[in-house]
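Please read the structure below before turning to the comments.
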Amino acid sequence: MLLAAACLSRVALADLTLATAVTPNPVEPGESFMMALTVTNTDTFDRSDVVLSLRYPEQLSALAYRFASDGGVCAPGNVYCDPNETLAWSLGTLRAGEGRTVTVPPSVLADVPSGSAVDFARIEVTDSSGGLVSASYVLPVVADRALELAVTEAIEPVQPGGDLSYRLSYGHSKASAQVTDAELELKLPAAVSLVSASGGGIYADGYVRWALGTLGPGEGGRQEVVVAVDASVSPGTALEAQARLSAASQTDSVIRELTRVEAEAPLRLAVEAAPDPAAPDELARLALTVSNVSAFARSDVTLRLRYPLGLADLRNAYISDDGTCSAFGNAYCNPMEWATWSLGDLAAGAGVTVTLPPNIASDAMAGALVSLRPVATDSSGLHVESGRTILVGESSLELAVAEARDPVQPGDTLTLDISASNSQPSTSATGLRLELPLPPHTGLDSVSGGGLLQGDRLVWDLGALDASEVAQRRVLLTVDPAAPLGSLLASQARLTGAGRPEVRDDMVSRVASEVPLRSIIEVRDPEFAAQPGDTLDTWLTVESLSSFARSHVMLHLRYPEYLDALRNDFISDEGGCEAFGNAYCDTREWAAWTFGSFAATGLEEVDLPPVVSADVVPGSLVFFDATVSDSTARSRAEYVFPVGTIVDEPAPADAFRLQVAVSGNGTVTSAPSGILCPGACGADYLAGTAVTLAAEPGTGASFTGWSGDCVGANPTCSLDMAAARSVSASFQGGDTPVERDTPWQVAEIYIATMGYAPDNDGLQYWVDQIQTVVAWTPDTVAQSFFDQPLVQAQYPESAGFGPFIDALYRNIFGRGADSQGYDYWLAELQSGRVSRDQMINALINGGWANPSPEAQEDMQRFGNRVQVGLAFARYQAENGISYNQLSFDDQSALRQAGYDVLLNVTADAATRDAAIASIPGLLGPLAD
């Protein structure tokens, strides 16, 4: 049953805009909801004295306005917002191209009838100019909502030309009968193009859709969509997406998600949440990481999290880094309060991870969603947001990813230990599959337990785990030496099994310039796994990697779940827990050791002997989390120790690489999966695997044949992976927009590599080589480019592959590399499977072969740029401009003109024609 989306009307005030979003939608009588109001300034100048206000509707309960974010207040002298009062936010100055999102969590009165609505009839924004922006919002009320839906973004704001990741979570929260014909859809905003959609989502007409089928009570799931924001989107724009969850005979859930576009985002923010799903009363592990990726310090950094519905009250004493909730002064975080951390100054490239360990509320319904949406701010008025949602539900599969150390430095090895287990008594878990996408800015060093790299993700087929069995895998990743300081290495592991809900766990590690202190956690006895009642001989090592003494050094360990309370007397080196003054360490408390001064390159060890609780279910995972810090630095370590039986890793199996290159308008796919390319791609397969490749021509194209380890013109080819294989597939004809003759192909390589239009001397040299020397091809030209001093200066080896990958994407597609593409090409280049010249032609050929509307628009833009580049070279030839005979300064001027002439060329032919018309003005001075 369709439900009308909330109405929204606007009256323009220059370029100040207002948009509204509510979760959940619809809402039930007596239910709380979250309302987000986004104001953005798309103008070229600042807007001052900006005030946002709304008339508080009569269908809502009175709200203590301390729950409103960003200092929202109602009538003076009254601490509550009552119906028909005005709730107002004084936002001050909104700088050009920036915006602000404020939130408020009202509750619907219990006696509001189903079928009615909460009417926000007047929402307004004013500024010092006296103008007005107004909107309205109608929120439907229903008696019995069964479908739950939430949408979050990985990071907000996003930048023009950057990627935007939507995370959709859904559930069936009623204990009644199953729902059928469930469908999930996401309507994409204008001015974005689809990069990827998880779970077989089908894209058509601006929507991504998933046919979910039947959802039983308490069932749910998650999907992710990544889009690329057009580079032409103006800072200050609010991108509006809309998600819808529907099912037969059910009221639709409809969520509007607003994302601000700003020119820069100097802070990064990420959320880790586990377990997911999480059962009522189950202990959750939450971590929030904020990092400074800018080149200068950020002052007065504050991190806030609205403590969400669905979590039990949490003592402030359990929150790390002096985080606190203070709305009620009761030493607890209660739902809808703000948990706040005052982090002070963050140096360039620095960051902080804070943690909190709430329980899921005992009355949370299976299938409900717990939404975490932290906000980071600084003294400049910057607002950065991230999001993560936990699905409430039971799961007998356990999953934990532990980072041996955080942060890491560029070029370091990042070690991830992954534990997967079956904690359901007397029942085997079968068909288990573990996946881990490679984090950005990393390449694979090694992987244990038969893990295979399929595209950008590691995959393990774990098979079956009997009750209490645990599988452990280790991954070693190399951090890109060119990884930007402050960037976040984030990923999410996923464990699936036959008839079991998918389980997820997050990992986030920061990239830092130095790591002067680190800690190591290990259980030395028992050696591999514990049983209920066992004592864990637990050691923590603190090591200084600094060349000078450190002061005020402290070590903190969050005392894990599944362990008996431990007397402080049993903890070495005067460590202990003091939150409750009871001489014991209890679950969730901080055990602390104070070292004071620490010698350069010094090392200290402390130990404690906790006992595994007698009632712990075998298959449970004991998660240790420690932080070592001093007056200027901090680092974390994580460690997982299983309760149960370790399953031996399979003997290392030989795996071989299958590399595929495609030329022309077509695609090659594989069974089993792993190969999906136009362009170039590859995958690892176990020795002896039978792989079938299928060549699929693009529109109007034909398959002409295989070469390499496949031969002939049959569109399918079967390979026995008894060794590494390399295959090429060729297509001809089709909808390639232009005839790519030799000058065209050379200009493509030139523009893709250098980012500016070619000089005619260079262009003709490469064209002549191809046309007169049999051995020369466009691939040879691309390879020879890297022998040229200008290219070597633009892409020095010391910079790593990251800048090269990003430059190619921008020069060809007009946008930065998406995370999946970046990670794939980084791994290919670092491993040596693909060279830089091969990547250039693979991206170009893959772009022309891709039939999607987004790719066709990208390549229309690139084709227009090539036409401008050829006209640029032709003008030089016709007017006697020889690059080789110009002075150094004039050569520089010609290269700058080549850059300028392409700067505003888009897929619109008019921009191409305008650029060509500008060439005489740009090059005329060099022809005199």
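The values are calculated or read from the model by the stated rules, or taken from the named source; none is laboratory data. From a predicted model like this one, the values you see are computed outputs, not experimental measurements. Quick reminder, even Gly has a Cβ in these numbers, built from the backbone with ideal geometry, and neighbours come from all protein chains shown.
Residues of the stretch 337-354 that are surrounded by fewer than 21 Cβ atoms within 10 Å (Cβ to Cβ) and either hydroxyl-bearing (Ser, Thr, Tyr) or touching a Pro at 6+ places or on another chain (Cβ under 8 Å) (or both): 340, 342. Selection of the stretch 94-117 for residues being under 24 Å from residue 373 (Cα atoms) and in a strand (DSSP E or B) yields 94, 99, 100, 101, 102, 103, 104, 107, 108.
Within the stretch 592-632, the set of residues being within 36 Å of the chain's Cα centre (by Cα), assigned to a loop (DSSP other than H, G, I, E, B) and surrounded by 19 or more Cβ atoms within 10 Å (Cβ to Cβ) comprises 616, 618, 619, 620, 630. The residue list 757, 752, 722, 713 contains one member that is in a helix (DSSP H, G or I) and either surrounded by fewer than 16 Cβ atoms within 10 Å (Cβ to Cβ) or at pLDDT 90 or above (or both), which is 752.
One residue alone among 489, 462, 453, 476 is part of a strand (DSSP E or B) and touching a helix residue (DSSP H, G or I) at 6+ places or on another chain (Cβ under 9 Å), and that residue is 453. If you go through the stretch 118-156 and keep only what is out of contact with any Asp or Glu (no Cβ under 9 Å at 6 or more places or on another chain), closer than 18 Å to residue 21 by Cβ and surrounded by fewer than 20 Cβ atoms within 10 Å (Cβ to Cβ), you end up with 121, 122, 124.
Which members of the stretch 67-88 meet the condition of being aromatic (Phe, Trp, Tyr) and either under 18 Å from residue 101 (Cα atoms) or not assigned by the TED database to the domain that holds residue 37 (or both)? Let's see the steps before the verdict.
Taking the stretch 67-88 first, the residues aromatic (Phe, Trp, Tyr) are 67, 80.
Scanning the stretch 67-88 gives a single hit, 67.
Filtering the stretch 635-662 to residues that are crowded, with 21+ Cβ neighbours inside 10 Å, assigned to a strand (DSSP E or B) and at pLDDT 90 or above leaves 635, 636, 637, 638, 639, 640, 641, 642, 643.
Of the residues making up the stretch 867-888, those that are under 47 Å from the mean Cα position of the chain (by Cα), of a type outside the set (Ser, Thr, Tyr) and modelled with pLDDT of 90 or more are 867, 868, 869, 870, 871, 872, 873, 874, 876.
So, residue 251, is that one at pLDDT 95 or above, over 25 Å from residue 821 (Cα atoms) and of a type in the set (S, T, N, Q) or not?
Working: at pLDDT 95 or above: no; over 25 Å from residue 821 (Cα atoms): yes; of a type in the set (S, T, N, Q): yes.
Judged against the criteria, residue 251 is not a match.
Would it be correct to say that residue 421 is of a type in the set (Gly, Ala, Ser) and part of a strand (DSSP E or B)? Spelling it out, residue 421 is indeed of a type in the set (Gly, Ala, Ser) and part of a strand (DSSP E or B). Apart from one condition, residue 526 fits all of (1) within 34 Å of the chain's Cα centre (by Cα); (2) surrounded by fewer than 16 Cβ atoms within 10 Å (Cβ to Cβ); the exception is (1).
Which of the residues that make up the stretch 500-545 are without any contact (Cβ under 8 Å) to a residue 24 or more places away in the chain and outside any strand (DSSP E or B)? Write out each step before concluding.
Residues of the stretch 500-545 that are without any contact (Cβ under 8 Å) to a residue 24 or more places away in the chain, as a first pass: 524-527.
Matches in the stretch 500-545: 526, 527.
Run down 450, 431 and say which single residue is touching a Pro at 6+ places or on another chain (Cβ under 7 Å) and either surrounded by fewer than 20 Cβ atoms within 10 Å (Cβ to Cβ) or not aliphatic (A, V, I, L, M) (or both). That would be 450, the only listed residue that is touching a Pro at 6+ places or on another chain (Cβ under 7 Å) and either surrounded by fewer than 20 Cβ atoms within 10 Å (Cβ to Cβ) or not aliphatic (A, V, I, L, M) (or both).
Could you tell me whether residue 356 is touching a Phe, Trp or Tyr at 6+ places or on another chain (Cβ under 7 Å), over 30 Å from residue 176 (Cα atoms) and of a type in the set (A, V, I, L, M, F, W, C)?
Numbers: touching a Phe, Trp or Tyr at 6+ places or on another chain (Cβ under 7 Å): yes; over 30 Å from residue 176 (Cα atoms): yes; of a type in the set (A, V, I, L, M, F, W, C): yes.
Taking the combined requirement at face value, the residue satisfies it.
Considering every residue within the stretch 857-867, establish whether at least one is touching a strand residue (DSSP E or B) at 6+ places or on another chain (Cβ under 8 Å) and touching a residue at least 60 places away in the same chain (Cβ under 8 Å). So far as the stretch 857-867 goes, yes, one or more of its residues are touching a strand residue (DSSP E or B) at 6+ places or on another chain (Cβ under 8 Å) and touching a residue at least 60 places away in the same chain (Cβ under 8 Å). Among the residues of the stretch 157-168, are any assigned to a loop (DSSP other than H, G, I, E, B), under 20 Å from the mean Cα position of the chain (by Cα) and either surrounded by fewer than 15 Cβ atoms within 10 Å (Cβ to Cβ) or among the small types (Gly, Ala, Ser) (or both)? The answer is yes; a qualifying residue exists.
Checked against (1) touching a residue at least 40 places away in the same chain (Cβ under 8 Å); (2) in a loop (DSSP other than H, G, I, E, B); (3) touching a Ser or Thr at 6+ places or on another chain (Cβ under 8 Å), residue 880 meets all criteria but (3). A single member of 479, 475 is within 21 Å of residue 623 (Cα to Cα) and buried (at least 22 other Cβ atoms within 10 Å of the Cβ), and it is 475.
The conditions of being surrounded by 23 or more Cβ atoms within 10 Å (Cβ to Cβ), outside the structural domain of residue 724 (by the TED database) and in contact (Cβ under 8 Å) with a residue 40 or more places away in the chain are not met by residue 833.
Within this structure, residue 625 passes the test of being of a type outside the set (A, V, I, L, M, F, W, C), under 24 Å from residue 353 (Cα atoms) and modelled with pLDDT of 95 or more. Working carefully through the options 699, 753, find the one that is outside the structural domain of residue 860 (by the TED database) and in contact (Cβ under 8 Å) with a residue 40 or more places away in the chain. The conditions single out 699.
Residue-wise test of (1) surrounded by fewer than 19 Cβ atoms within 10 Å (Cβ to Cβ); (2) of a type in the set (Lys, Arg).
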site: 202; (1), (2): yes, no
site: 232; (1), (2): yes, no
site: 238; (1), (2): no, no
site: 260; (1), (2): no, yes
site: 269; (1), (2): no, no
site: 272; (1), (2): no, no
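With respect to the conditions (1) at pLDDT 80 or above; (2) over 24 Å from residue 437 (Cβ atoms); (3) not basic (Lys, Arg), residue 776 lacks only one, and its number is (1).
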